[in-house]
Structures are given as C-alpha cells and as structure tokens.
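Visitor: Handing you a structure now.
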Amino acid sequence: MTSRRDFFRLASIAGGAVAASAVSRVALAALPEPVIQTSPDTMPPLVPNTGRSYNPVVTLNGWTLPWRMNNGVKEFHLVAEPVVREMAPGFKAHLWGYNGQSPGPTIEVVEGDRVRIFVTNKLPEHTSIHWHGQRLPNGMDGVAGLNQPAIQPGKTFVYEFVARRPGTFMYHPHADEMTQMAMGMMGFWITHPKAKHPLIDEVNRDFCFLLNAYDIDPGSYTPKISTMLDFNLWSWNSRIFPGIDSLNVRLNDKVRIRIGNLTMTNHPIHLHGHEFLVTGTDGGPTPKSTRWYEVTTDVAVGQMRQIEFLADEEGDWAFHCHKSHHTMNAMGHDVPTLIGVDHRGIAKKINSLIPDYMVMGERGMADMTEMEMPIPDNTAPMMTGEGPFGSVEMGGMFSVLKVRRDQKPGDYSNPGWFKHPEGTVAHEYTGPLAEPARFKSEGGQSMPRIQKPPTPTEVKVRKPSSGHENH
Ligand SMILES: [Cu+2]
C-alpha cells in the first residue's frame, strides 16, 4: 500500500510523458509493489476503491491485478517470471507467466483512464508485452525490435497510454512469441465504458477467460515449445477439466462471458440450455443489427468474443468447446478406433506372452474411464470428472454453468449439484420393445454409375491415426 507521503513523492516523479524505455534508478524506487497470486482458484471480483467505479469481472480460475492511483494515473506492476501452475488437482505444470500465475492477472480499467504499466522481466530471456487490440501510441504497442527494444532479463520497462475504447482485450509477449506463448505468457484486459453505453448492457455477472493450449508429455512438467498444432492439453486459463471452476449464477441473472483465444486453432464454444448473443468482438461492442441468437460461437485464433444471455433455466448446464478432442486431456494420438473389433482371439495369444495385457476401446473409450488405469505421475486422466450420475467423461475445455434460484447476488460459490424436480430426469424405459420399422427410400440416384466395382465396398469410420493436423 502506498502511503500519503509516497503518493506526493511519486506524483513529482511521474510528471512528464514516459516512453517505453528502461526506467531510471530514481523511478525504480517508485515502482508499485508487485502483487503475487499463489492460488489457482477463482478470486472474487476486485471492487474498485479508487478511480471511476464499474461492475468488475470475475476471471475463471484467475484474479484481477490491484493498482495504485498516482496523480490520476492507474499504475500496475507486472512481473514476467517462471511459475508453477496447478492445471488440475494433482497436475502441476512448469510454465512462464506473470505475478505467480499463468495466465497473468486480468487488468481492469475504465475508458479514458491513463494507465502506466511497469513490466519487470525475471525470465531467462528477453521479453515484451503487446496490448492486443488497443488503440495506443505506436511506441507502446510492444513488438520487440519494431516498436521498442526487447526487455532484457532483470530490466523493468514502463508502458503508458490512455485506454481509449471500451471492450475486451488481451496481453501477451511480442518477443520470442512462439516460446513464450507456448509457455503460458498471456493475460486478459477489460476496459469498462466510462458512462452508460448504448451497445454495452449492464449485467449481473461478467466472467472472462482465455483459451490456451499446451503440449506436455504425460509424466513431465514443462511444455514442448516447438509444437505447432498437435497440443495435448486444451485449457481455459491454463486449467483443464475437472480443474476448471463452474460459473455460478442466480436464476434470471443477465450474464456476460468474455473469451479470448491465444491457441493456434479455433474453438467453437457451446453453451447448453440457453441462447446467447455475441455482443462484442475484437473491435468492441457489436451493432445491434448484427446480433442473432445462437448456442455456439467460433472463437478464431487471436480473437475475443463477448456472449450475453439471460440465465433463466435452472440446472447444471454444460459449457464447452465443441471440438470433441478438445474436451480430452493428454492421450496418445496414434490410437486407431477399435470399436467393433473383436479382440478375443488376439488377446488370448498376447496373454500367453504378457499375462496383464488388456484390450481397450472395443465398445468406445468410455470403458477406459471405468478402468482407472494407473497413469504416470503428474498428468491428468484423459477424460474424467465425477458427476452426480457417474463420470462426465470429459477433460480439457469443459465447465458447467450452474443456474440456481437461491444463489445470492454477488455470491460466486459453488452451490453443489442441481436437485432435479421430480420426474424431470431421463431414465431407463422398462416396458416392451417393438421390432424396428424401417423406412423405404422414396428417392433414387440422379444418374447411374459406370465402371461399378464387382463387389460393393463398405467403409467403416475410423479416426485418422496421424494426429491432429487438420483442426
Ligand atoms: Cu476447442
């Protein structure tokens, strides 16, 4: 905390315009104390106690960086450093991030705020920060080599600009980008409108998270940085299901969720039980005439999306990426589909050589979650999550929107499982089963085929075994 005396001392130092350059010894003494976060839990919203007021966001499994007011300027201190991030209970990754966590803390400001951000580099190599999506002086844009010299290890740089337009933004390095983003260096930035905005509604709950991805071999701790597409951990704010907190809201709350994508592929984000509007993109709020209701929105690489909906259906609603391999955790990729393959003969032969040999996946992969096979130290099961009715068989980019009648305003705590009203849960049918009636086709092919093969070919669907190149 800054004392009143410090405040006036700082005010005299920070008079003129500051360029993105190494700060002097005198200014170093004036650095705001860096705030470090050690917990991966979702922190309560940071209600502003200085500056213009606003309705703060909640960062999923994250937090908002406190600031200090210095002569009307909001001052933040980011520390780029190696961190240990718990990606799910029992699974810790050695990443790079900011202020103790990956992603870094969310920065929240108000349209028109003058913002000064000190960036201290405690990484073993140089870095920089690009303020993704912002209007700012060219020298503050953070592309090392192009707009500024890189921040060398041990150095502190200062960025300063006015948050000119309200919206959803991100920050990330623009120096050795492939390494530093693969290691988890990124964060969220929210600029709230300074007054009532015709295109920005007041909401009861405002959540945000980044889409990120890692390639960490089972049993190891550090991401492989040369991976371009074939990641094995698909995460929200460097957390994987069941490590991602639920989004807990009150019945009839107006809810906004802000999503930014810093992975190398697109993610169709899908919400169950409600229809939402895309109310904001990279460029700010969307014109009302461009909004239509949908249940899935694709967030492409480098994009931000804001969705909004009325949470008017009670229950535990799945909320996830719709690419099915993005709701799974680390697994071998070259797994052929074995559904429908009869292993009995083979298993017998192999068992005579390897007594413990076990065939997997001939009824799908769900049986693998029941087997609870031993997994290497420090990894997450491929798909898991114990729900009220059994395993959810999910991993990666999956969470739950919990809508409750009795959730208090401003209470973000997990209310537990939904208690379904009598007679509203799908259940087993135990009556007689009729023989299936088969439809006869009414159509026919438009033209006969020539050079027909002598015998018809039947194709059985099998996933390509070459990996995930074609996301
Ligand atoms: Cu995805």
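The values are calculated or read from the model by the stated rules, or taken from the named source; none is laboratory data. Owing to the predicted nature of the structure, the values given are computational and were not obtained by experimental measurement. Neighbour counts run over all protein chains shown; Cβ positions are idealised from the backbone, glycine included. With ligands, DNA and RNA removed, areas are computed over all heavy atoms of the protein, side chains included. Shrake-Rupley method; radii C 1.70, N 1.55, O 1.52, S 1.80 Å.
Visitor: Within the stretch 302-326, which residues are open to solvent by less than 10 Å² (accessible area, probe 1.4 Å) and within 14 Å of the ligand (Cβ to nearest atom)?
Guide: Selection gives Phe319, Cys321, His326.
Visitor: Residues that are within 16 Å of the ligand (Cβ to nearest atom), at pLDDT below 85 and of a type outside the set (Gly, Ala, Ser): does the stretch 451-469 have at least one?
Guide: So the first thing to find is which residues in the stretch 451-469 are within 16 Å of the ligand (Cβ to nearest atom), and the list is 467-469.
Narrowing further to those that are at pLDDT below 85: 467-469.
Among the residues that remain, those that are also of a type outside the set (Gly, Ala, Ser) are: 468-469.
Scanning the stretch 451-469 turns up at least one residue that is within 16 Å of the ligand (Cβ to nearest atom), at pLDDT below 85 and of a type outside the set (Gly, Ala, Ser).
Visitor: Select, from Ile244, Ile225, the only residue that is closer than 30 Å to Glu177 by Cα, in a loop (DSSP other than H, G, I, E, B) and open to solvent by less than 30 Å² (accessible area, probe 1.4 Å).
Guide: On the way: Ile225 fails: open to solvent by less than 30 Å² (accessible area, probe 1.4 Å).
When all the criteria are applied, what remains is Ile244.
Visitor: Does the stretch 161-220 hold any residues that are of a type in the set (Lys, Arg) and either part of a strand (DSSP E or B) or within 23 Å of the chain's Cα centre (by Cα) (or both), and which are they? Let's see the steps before the verdict.
Guide: Going through the stretch 161-220, the residues of a type in the set (Lys, Arg) turn out to be 164-165, 194, 196, 205.
Passing the criteria: only Arg205.
Visitor: Anything in the stretch 141-158 that is buried (at least 22 other Cβ atoms within 10 Å of the Cβ) and of a type outside the set (Val, Ile, Thr)? List them, or say none.
Guide: If the condition is that a residue be buried (at least 22 other Cβ atoms within 10 Å of the Cβ) and of a type outside the set (Val, Ile, Thr), then Gly142, Gln148, Phe157 are the ones that fit.
Visitor: Still on this model: Which one of the conditions (1) away from the ligand (no atom under 14 Å from the Cβ); (2) surrounded by 21 or more Cβ atoms within 10 Å (Cβ to Cβ) does Val299 fail to meet, given that it meets all the rest?
Guide: (1)
Visitor: Continuing with the same structure: I'm trying to understand the selection: among the residues of the stretch 286-307, which are assigned to a loop (DSSP other than H, G, I, E, B) and over 14 Å from the mean Cα position of the chain (by Cα)? Working first, answer last.
Guide: Taking the stretch 286-307 as the starting set, the residues that turn out to be assigned to a loop (DSSP other than H, G, I, E, B) are 286-287, 291-293, 295, 300-303.
Within the stretch 286-307, Thr286, Pro287, Arg291, Trp292, Tyr293, Val295 meet the criteria.
Visitor: Another question about this same structure. Being modelled with pLDDT of 95 or more and within 21 Å of His267 (Cα to Cα) is true for just one of Gly167, Gly145, Gly154. Which residue is that? Reasoning before the result, please.
Guide: Numbers: Gly145 fails: within 21 Å of His267 (Cα to Cα); Gly154 fails: within 21 Å of His267 (Cα to Cα).
Step by step, each of Gly167, Gly145, Gly154 is checked, and only Gly167 is modelled with pLDDT of 95 or more and within 21 Å of His267 (Cα to Cα).
Visitor: I would also like to ask the following. Pull up the stretch 375-401, narrow it to residues that are out of contact with any helix residue (DSSP H, G or I) (no Cβ under 8 Å at 6 or more places or on another chain) and modelled with pLDDT under 80, then point me to the one that is farthest from the ligand (Cβ to nearest atom).
Guide: Initially, the stretch 375-401 is screened for residues out of contact with any helix residue (DSSP H, G or I) (no Cβ under 8 Å at 6 or more places or on another chain), giving 375-380, 385-390, 392, 399-401.
Now restrict to residues that are modelled with pLDDT under 80: 375-380, 385.
Values: Ile375: 23, Pro376: 24, Asp377: 27, Asn378: 23, Thr379: 20, Ala380: 16, Gly385: 17 Å.
Ranking the qualifying residues of the stretch 375-401, first place goes to Asp377.
Visitor: Something else: Looking at (1) at pLDDT 95 or above; (2) away from the ligand (no atom under 16 Å from the Cβ), which is the one condition that is false for Gly243?
Guide: Result: Gly243 fails condition (1) only.
Visitor: State all residues of the stretch 204-222 that are open to solvent by less than 10 Å² (accessible area, probe 1.4 Å) and closer than 24 Å to Asp253 by Cβ; if no residue qualifies, say none.
Guide: Arg205, Asp206, Phe207, Cys208, Phe209, Leu210, Leu211
Visitor: Provide a single number: the residues in the stretch 260-278 that are surrounded by 21 or more Cβ atoms within 10 Å (Cβ to Cβ) and within 11 Å of the ligand (Cβ to nearest atom).
Guide: Looking only at that region, the number is 4.
Visitor: Determine whether the stretch 312-323 contains at least one residue that is at pLDDT below 95 and out of contact with any helix residue (DSSP H, G or I) (no Cβ under 9 Å at 6 or more places or on another chain). I'd like the intermediate steps shown before the answer.
Guide: As a first pass, look at the stretch 312-323 and keep what is at pLDDT below 95: 323.
Filter once more, so that each one left must be out of contact with any helix residue (DSSP H, G or I) (no Cβ under 9 Å at 6 or more places or on another chain): 323.
Yes, the conditions are met somewhere in the stretch 312-323.
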